[in-house]
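Below is one structure, written out as structure tokens, with a few remarks after it.
The values are calculated or read from the model by the stated rules, or taken from the named source; none is laboratory data. No experiment lies behind these values; they were computed from the predicted model shown. Using ideal geometry, Cβ is built from the backbone for each residue, glycine included, and neighbour counts are taken over all protein chains shown.
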Amino acid sequence: MRNASNRRIYRAWAPIYNAVFGRAFRDARRRTIEALELRAGESLLIPGVGTGLDLPMIPRGVHVVGLDLSREMLAQTSRQSLGPQVCLIEADAQHLPFATASFDAVLLNLVLSVVPDAGIAFGEAWRTLRPGGRMVLFDKFRPEDQSLTAARRMIGRIAEALGTDPNRRLDDIIRGAAQLTVARDSPALLRGTYRLIRLDKA
């Protein structure tokens, strides 16, 4: 999975993404935002904002920065009625253009399974989170106790052609992050294939 191929894949997905995935993930997205416990006046970073499906659920008064690698996905987002507290940026989640400790909260919905290097993308998001901040992840992860079988490898290759990797493990991605507490890790969809995780920063 590379940025160039992801740009091509999500250029194709952009016009139909909301119709295909909007309803399927709506409830899970709502629960991720509730888990962030956002308050008016806080700042929220959404790397991989995509077509903006999370934005209507963000509480009023929260300052949002959404970025995405795909210009076409961002174009779909910009068609919404975005208020002045929402800023959209075309950028790579693996190289965030923000200073350390810039945001009160970070939302990573269905991002770590699509970027080329999930560990780097997570590390960048964690870097921008202020002490006392919180991050919520919603994504599919391979269970930590499950080996990478030949069948899973085959499924992974098929999924990668669609722009996602189902074989990444959360422990591998967040390993080494300082000041991290796993405040919540619960199944979200498909019998725990998708998980909702809240990480708090000391």
Next item on the list: Starting from residues that are part of a helix (DSSP H, G or I) and in contact (Cβ under 8 Å) with a residue 60 or more places away in the chain, keep the ones in region 6-23 and report whichever is surrounded by the fewest Cβ atoms within 10 Å (Cβ to Cβ).
Entry: Arg11
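Residue-by-condition table, conditions (1) among the small types (Gly, Ala, Ser); (2) touching an Asp or Glu at 6+ places or on another chain (Cβ under 7 Å); (3) at pLDDT 95 or above:
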residue	(1), (2), (3)
Arg7	no, no, no
Ala24	yes, no, no
Ala28	yes, no, yes
Arg31	no, no, yes
Arg39	no, no, yes
Leu55	no, no, yes
Arg79	no, no, no
Gln85	no, no, no
Notebook entry, point to check: Within region 70-87, is there a residue that is under 29 Å from Ser186 (Cα atoms) and charged (D, E, K, R)?
Noted result: no
Notebook entry, point to check: If the Cβ limit is 6 Å and pairs must be 6+ apart or interchain, which residue in region 167-189 that is on the phi > 0 side of the Ramachandran plot pairs with which residue that is modelled with pLDDT of 95 or more?
Noted result: Gln179/Lys201; Gln179/Ala202
Check: Out of all the residues in region 74-87, is one or more of a type in the set (D, E, K, R), surrounded by 14 or more Cβ atoms within 10 Å (Cβ to Cβ) and either outside any strand (DSSP E or B) or over 14 Å from the mean Cα position of the chain (by Cα) (or both)?
Finding: no
Check: So which residues in region 36-59 are of a type in the set (A, V, I, L, M, F, W, C) and either in a loop (DSSP other than H, G, I, E, B) or closer than 24 Å to Gln94 by Cβ (or both), if there are any at all?
Finding: Leu36, Leu38, Ala40, Leu44, Leu45, Ile46, Val49, Leu53, Leu55, Ile58
Check: Residues in region 78-86: is at least one touching a helix residue (DSSP H, G or I) at 6+ places or on another chain (Cβ under 7 Å) and closer than 26 Å to Ile173 by Cβ?
Finding: no
Notebook entry, point to check: Among the candidates Leu44, Leu69, which residue alone is touching a Lys or Arg at 6+ places or on another chain (Cβ under 7 Å) and not β-branched (Val, Ile, Thr)?
Noted result: Leu69
Check: For the subset of region 89-114 comprising residues that are buried (at least 21 other Cβ atoms within 10 Å of the Cβ) and over 17 Å from Tyr194 (Cβ atoms), which member is farthest from the chain's Cα centre (by Cα)?
Finding: Phe103
Note to self: Between a residue in region 69-82 that is under 25 Å from Pro116 (Cα atoms) and any residue that is charged (D, E, K, R), which pairs come within a Cβ distance under 7 Å, given they are 6 or more apart or on different chains?
What the structure shows: Leu69/Arg7; Leu69/Asp92; Ser70/Arg7; Ser70/Arg11; Arg71/Glu90; Glu72/Arg11; Leu74/Asp68; Leu74/Glu90
Next item on the list: Kindly check whether there is at least one residue in region 150-166 that is part of a loop (DSSP other than H, G, I, E, B), among the small types (Gly, Ala, Ser), closer than 11 Å to Pro47 by Cα and out of contact with any Asp or Glu (no Cβ under 6 Å at 6 or more places or on another chain).
Entry: no
